[in-house]
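The values are calculated or read from the model by the stated rules, or taken from the named source; none is laboratory data. Note that the structure is a prediction, hence the values are computed from the model and not measured. Here the Cβ positions follow ideal geometry from the backbone for every residue, glycine too, while neighbour counts run over all protein chains shown. Remember, those area values only see protein heavy atoms, side chains included, never the ligands or the DNA or RNA. Shrake-Rupley method; radii C 1.70, N 1.55, O 1.52, S 1.80 Å.
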2 protein chains.
Amino acid sequence: MAEEDIFKQFREHSVAEFFKKNRQMLGFSGKVRSLTMIVHEFVTNSLDACEEAGVLPEIFVQAEELGSDHYRLTVKDNGPGIPKSHVGKALGQMLAGTKFHRYLQQRGQQGIGASACTMFSYLTTGQPTKAMSSYKGKKVTANITIDFKGNKPVVEVLGEEPTEDRGLTVVAEFKDVRYERSNYGVYEYLRRTALANPHCSITLVEPNKEQVVFPRSVQANPPRPFEIKPHPLGISTHDLLEFAKHNKENRKISAFLQNAFSRLSAAKVDELRTILPDVDLDKDPTELDWNEAEKIVKAFQQVKWIAPAMDSLVPIGKEQIEASFTSIFSPDVLVVTERSPKVYRGGIPFMVEAGIAYGGGLVGAEKKGEVMRFSNRVPLLFDSGGCAITETIKTLDWGRYDIKNFENEPIAVLVNLVSVHVPYTSAGKQAVSPEEDVMEEIKLAVMEASRGVQRYLSGKRKAHDIATKKKVIGRYVPQLAGDLATLSGDKKDRVEKLLTRIIEEKYQDGGDEDPETKQETSEESGGGEEE
Amino acid sequence: MAEEDIFKQFREHSVAEFFKKNRQMLGFSGKVRSLTMIVHEFVTNSLDACEEAGVLPEIFVQAEELGSDHYRLTVKDNGPGIPKSHVGKALGQMLAGTKFHRYLQQRGQQGIGASACTMFSYLTTGQPTKAMSSYKGKKVTANITIDFKGNKPVVEVLGEEPTEDRGLTVVAEFKDVRYERSNYGVYEYLRRTALANPHCSITLVEPNKEQVVFPRSVQANPPRPFEIKPHPLGISTHDLLEFAKHNKENRKISAFLQNAFSRLSAAKVDELRTILPDVDLDKDPTELDWNEAEKIVKAFQQVKWIAPAMDSLVPIGKEQIEASFTSIFSPDVLVVTERSPKVYRGGIPFMVEAGIAYGGGLVGAEKKGEVMRFSNRVPLLFDSGGCAITETIKTLDWGRYDIKNFENEPIAVLVNLVSVHVPYTSAGKQAVSPEEDVMEEIKLAVMEASRGVQRYLSGKRKAHDIATKKKVIGRYVPQLAGDLATLSGDKKDRVEKLLTRIIEEKYQDGGDEDPETKQETSEESGGGEEE
C-alpha cells in the first residue's frame, strides 16, 4: 500500500469489535474451556446479584446437546432480576453495568462477561440470547444481540406480564463448544464453586439428562462485604482531580477529602495542613490543579493511615475451607491461614487466605501437588501458567518445610485472593497479575500454612526415627536379657520384661503420631514472619 | 445497598476507563516492565510505519532520569510521520488506527499501544505527551492527553511549520517506572529487537548518558508482507453476513465471494453451486440471510482450498537467525527450521520458524535452557508462564533428542510466530494464547530443529565412545607388539607401528567430530512427522 493511502485506512473501533476479534482474551479458546467460561460468567453474575439482594442463591444450570459441538445453555437464578430498562445493556453491551466503578468485593468487576457470552452465541449461531427477567412483579422476556460497531444492545421484547417470581433466566445457543466432565469442564467448575460457596444450592443438568445437585451446606449468606470509599493510599493524582472536579456536595477541599475517602478524618485533614502549608485546603475542590493534587497525594504517603476496613473484604473462612478440604481429601493434616487485609498499588484493599491439605486421601489421588486457585470465591481453572498464585506456590522453597518435591507429594494448596478489585491479567479473569504486594501476601499465607504441615511431617519423621531405633535395640533384648540373667542369677523372662519396659519408657512416643500435631488444623493468622 | 438502588448504579464505561483501571492488562505492572512496555509500544509502531512506507528504519530512544522512578522518554523515527488530522487519535484514542481491521502482518494490531502510553504518562505525571510529526512537508507539534470518559484525544497544537524532514518524535514523562539493564529492561528489549530486525539501526541513550548503537547489518528492508483478503476457511457466518451487508461493488453473491476472499476463484464458485443447490448464488449479497450464510460457511469446509499466500507472511529468515545466533552464542551446533504457512481458527494464516543453538558459548552462559520468543519479529520478554511458545517447549520430550534436562543444558531455543493476527492472551501482547493449531506448529518446528541437534549430539557421543575404545585398546599395543615380535621374529617397532595403523584405520573418526554434522545448519522445512 502506498504511503499516501495509509491514513485512509484509519478507523475507530468499538470494544465489542475488539473482543470479537480477540475472543481468546475473554477466555474463549478451546471448546471445553469456552463452555466453562460461559457458565462461569452467568453463574458469577447470578451469585453477585443474589448476595447483593440478600437472597440465598439457588442456581440452575442445564446444558443440552443440539448437535456436534452445539449446545443450548440455560442458567436460572432466584436473584432480584433486571428491570426492562437495563436488561439489554446488562446482556448486550460491553463495559456497562453496576460493577465496574464500585469499590466493592464482587465476583464480576468489568461489565463484560455476560455480554461476551451474548456475543459468542451470536457469532457462532446467529441466534439472539433469550432473557426472562422477573423484577419487582413484572416479567419481561426479550431476545438480545449486539450491534458490534456501536457496542450497543439490540433488544426485541417478546412479552411482558405480571409475576410473583423473581430472578433471571438466560437461554442461549452456542457452537464451537463442548461439554466434558474433565478438569476444565462445567462440572468441575461448579463443584469448585460449591466448595467455596457453601451457602449456594447449585443444580446441574448434564447433556445426558443426569441431574447433579451441589446442595447448600450453610444456611446463611456470608457477611455482605461493604462498599467502601477509596483509601487515600490508593489514589492517583489523576483520580483525585477527577473526584474533585465531579464533586458537588462540598465547597471546601477539606470537606471533600473527608467525604471522598475512607479513613480520612478531620484530624487527618489537620495533619495534611501541617504537611502542606502552601496548599489552601479551604478553597473549592473544583479549583484544585494538578500540582496541588500531586502534593496532596504525596502528603497522603507521609500520614499514618488505618488499614482499609476489614468488613470490606469477606474471605471464604477457616471453618469452611477446613470442612471442604476434609470432605474432599480426608487429609492427614490440614492447615488454614487467613492473613489480615493489606493494600496493593498503594491502596487497593485485598487479603489472602490459604489452606494446605497433606496425606490421607491425597496419597492415592491421581493429581499430586494440586493448586486450587480462587479469587473472591470464584474458582480459577485456566491460565495457571501466567498466574501469580501458581507462580508463588511453584517457586516457594518447599524443601524448608520438609516437602521435597511439591509436584510429587500428596499435597493440595488452596489460595483465595479477596479484593475490591482483583488485578486479572486479562478480561477473561482466570489469572492474577504478578503485583508485588499481592505475591508477597500469597507467599506469606502459604508459608504460614506450610509451617503447620512441616510440624506434622517432622513429628511423623521423628516418630518414624524413634520406632526404627526401638526396633533395632529391641533385637538385642533377648540376647542381653539371657546374658544379664546368667550374670545376675535372675530369671531371663523377668530381665527381658524389665529391659523392654525401659525401652518402652525411653521411646514412649515411638510409633504413635504426636497427638498435638495430629489435632492441629490452624495457625494463628496475621503476623507471619518474612523470609 | 438496598435492592431498589442497584440499578441506579448502572453506568456505561469507555475502553479508556477500562484500561485505566486495568493497566496490568496492557502490561503495565512493575516499574522496570512498565518502561520496557512503553518503549516496546513506540518502537513497534515506528518500525511498522517505516516498513509500510518502504523506509529503512532508524530509531532513536533516549531515557532521561528526572527523579526517583521518574523519567522522560524520547522515541524518534524516520518514518512517514502522521498527518495533523490523525496525530491526536493515533496517540490519544484507544482502538483507533490503521491496523486493527487489516489482514496484514504487522507488529501492532490493536490500535491501543501508543494511546496506552499517553494514558500512563498522564496518569502518573499529569503531563501531556508531546508529538512532533513531520508528514509531507509539514511539521506539527502538539500536546496530547486523553479524555477517559469519552475515549477521545485532547489535542493542543503548539506549532506548525514547513519541513523537509519526515518522521515522528514522541516525548513523554513517566513516573512509577525504572530503567535497569536487566533481562527485562529496555536495553535487552532493544537488543533482541535488533537481533530479529537487522535492517534497523537503533540508538539508545541510557540515563547515564551512555550511547549504545545497535547497527544495521542488512541494508534492505525485508520483503513487504502483502495485505491479503480473508481466507474462506477463516470466516464465521457472522463475518460473511457483515461483509455481504456492506458490499457495494457486487450485485451477485457469486461475484462478491470472489472479490471478498482470497483463493476463491470462479471454479470454486462452481464447486459451491454443486454443494449448495438450494442457495441462490446469483441474488444480491445484501439479501443473504443467516441460514444461507451458515450453509455457505459449511460448504467452504468441504472445498479443497489452496493454502493462504506465502507472501502474506514474512519470517525473520534462516540466514538471519543463523547470523544472530552465531554472533551471540558461537554455539557448537545451530539448526534453524522454517515451517510452511498454516492456518488457525479455520483460516487465519500463520507460520512458525524455530532455531536451536547448542554448546559453544552457551556452555559458560549464565542462563541454561533459554527460550527466546518473538511474534512478527517483536521480542516477547514477559508473561512467559502463560505463553503457548514456552508451554510447548517446556513440555517437549527432550529426552528423545538426547537432551536430558532442558533447563540445565547449554541450549537456546528461538521461536518466531508470524501471522496477520497473532492470538495474544491479553492487550499487553506478551504471550501467545494456546490455540491448538498454533501449538502444533510450534512443536513441529522445534522438533525438526531438535533432530539436527540430536544428530550432532549422537555424533559427538559416538566419537567419544570410539576415542575411549581406541585408548583402551592402545594400552595393549606395546605389550602385544613385544609378544608378536618375539613370536614372529619381527622388530617390535615395526609391529607396534602396524598395530597402531590398524587401530587408527578401524576407528578413524574417533576423536574428530563428524564434519557432516558440524556443518549442518538446517533441516528441510515442511513435512515434519508427528509424535
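Side notes on the structure shown:
- Residue match in segment B:428-438 (condition: touching a residue at least 12 places away in the same chain (Cβ under 8 Å) and away from every other protein chain (no Cβ under 14 Å)): no
- Only one entry in B:A114, B:A131, B:A90, B:A142 is in contact with a strand residue (DSSP E or B) (Cβ under 9 Å, 6 or more places away or on another chain), free of Cβ contacts under 8 Å to residues at least 40 places away in the same chain, of a type in the set (A, V, I, L, M, F, W, C) and buried (at least 21 other Cβ atoms within 10 Å of the Cβ), namely B:A90.
- Segment A:314-328 residues that are on the phi < 0 side of the Ramachandran plot, paired with ones that are buried (at least 17 other Cβ atoms within 10 Å of the Cβ) and assigned to a helix (DSSP H, G or I) (beta carbon under 6 Å, 6 or more apart): A:I316/A:A196; A:S324/A:L195
- Qualifying residue in segment B:213-228 (condition: touching a strand residue (DSSP E or B) at 6+ places or on another chain (Cβ under 9 Å) and not in a loop (DSSP other than H, G, I, E, B)): yes
- Among the conditions (1) under 16 Å from B:A445 (Cβ atoms); (2) crowded, with 18+ Cβ neighbours inside 10 Å, B:I348 misses just one, which is (1).
- Segment B:161-177 residues that are assigned to a loop (DSSP other than H, G, I, E, B), paired with ones that are of a type in the set (A, V, I, L, M, F, W, C) and open to solvent by less than 20 Å² (accessible area, probe 1.4 Å) (beta carbon under 8 Å, 6 or more apart): B:V177/B:L35; B:V177/B:I38
- Residue count for segment B:266-325, restricted to those that are aromatic (F, W, Y) and open to solvent by 20 Å² or more (accessible area, probe 1.4 Å): 2
- Strands (runs of 3 or more DSSP E) fully within segment B:319-363 counting 2 or more residues that are at pLDDT 90 or above: B:333-338, B:348-358
- As a summary of the residue check, B:S34 satisfies the conditions (1) assigned to a helix (DSSP H, G or I); (2) at the interface with another protein chain (Cβ under 7 Å from one of its Cβ atoms) except for the one numbered (2).
- Here A:F382 meets each of (1) under 23 Å from A:I235 (Cβ atoms); (2) of a type in the set (A, V, I, L, M, F, W, C); (3) assigned to a loop (DSSP other than H, G, I, E, B); (4) within 13 Å of chain B (Cβ to nearest Cβ) with one exception, condition (1).
- Some residue of segment A:410-427 being within 24 Å of A:T36 (Cβ to Cβ), aliphatic (A, V, I, L, M) and open to solvent by 10 Å² or more (accessible area, probe 1.4 Å): no
Quick grid of which residues meet (1) hydrophobic (A, V, I, L, M, F, W, C); (2) without any contact (Cβ under 8 Å) to a residue 60 or more places away in the chain; (3) surrounded by fewer than 22 Cβ atoms within 10 Å (Cβ to Cβ):
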site: B:Q127; (1), (2), (3): no, yes, yes
site: B:K136; (1), (2), (3): no, yes, yes
site: B:L158; (1), (2), (3): yes, yes, yes
site: B:E180; (1), (2), (3): no, no, yes
site: B:Y184; (1), (2), (3): no, no, yes
site: B:S201; (1), (2), (3): no, no, yes
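- Scan of segment A:101-111 for residues that are open to solvent by less than 10 Å² (accessible area, probe 1.4 Å) and within 8 Å of chain B (Cβ to nearest Cβ), ordered by number: A:R102, A:Q110
- Summed over segment A:1-28, residues that are at pLDDT 90 or above, touching a Ser or Thr at 6+ places or on another chain (Cβ under 8 Å), outside any helix (DSSP H, G or I) and facing chain B (nearest Cβ under 9 Å) total 0.
- Search result, residues across segment A:367-408 that are under 20 Å from A:P434 (Cα atoms), open to solvent by 10 Å² or more (accessible area, probe 1.4 Å) and small (G, A, S): A:S384, A:G385, A:G386
- The set of residues in segment B:11-62 that are within 20 Å of B:H199 (Cβ to Cβ), among the aliphatic types (A, V, I, L, M) and open to solvent by 10 Å² or more (accessible area, probe 1.4 Å) comprises B:A49, B:A53, B:V55, B:L56.
- In segment A:404-423, the residues that are within 13 Å of another protein chain (Cβ to nearest Cβ) and hydrophobic (A, V, I, L, M, F, W, C) reach residues that are open to solvent by less than 10 Å² (accessible area, probe 1.4 Å) and in a helix (DSSP H, G or I) with C-beta atoms within less than 7 angstrom, at least six apart or across chains, in these pairs: A:V420/A:S312.
- Listed here are the helices (runs of 4 or more DSSP H) enclosed by segment B:232-275 that have at least 1 residues being within 32 Å of the chain's Cα centre (by Cα) and among the hydroxyl-bearing types (S, T, Y): B:237-246.
- B:N78, sole failed condition from (1) surrounded by fewer than 23 Cβ atoms within 10 Å (Cβ to Cβ); (2) over 15 Å from B:E17 (Cα atoms); (3) out of contact with any Pro (no Cβ under 8 Å at 6 or more places or on another chain): (3)
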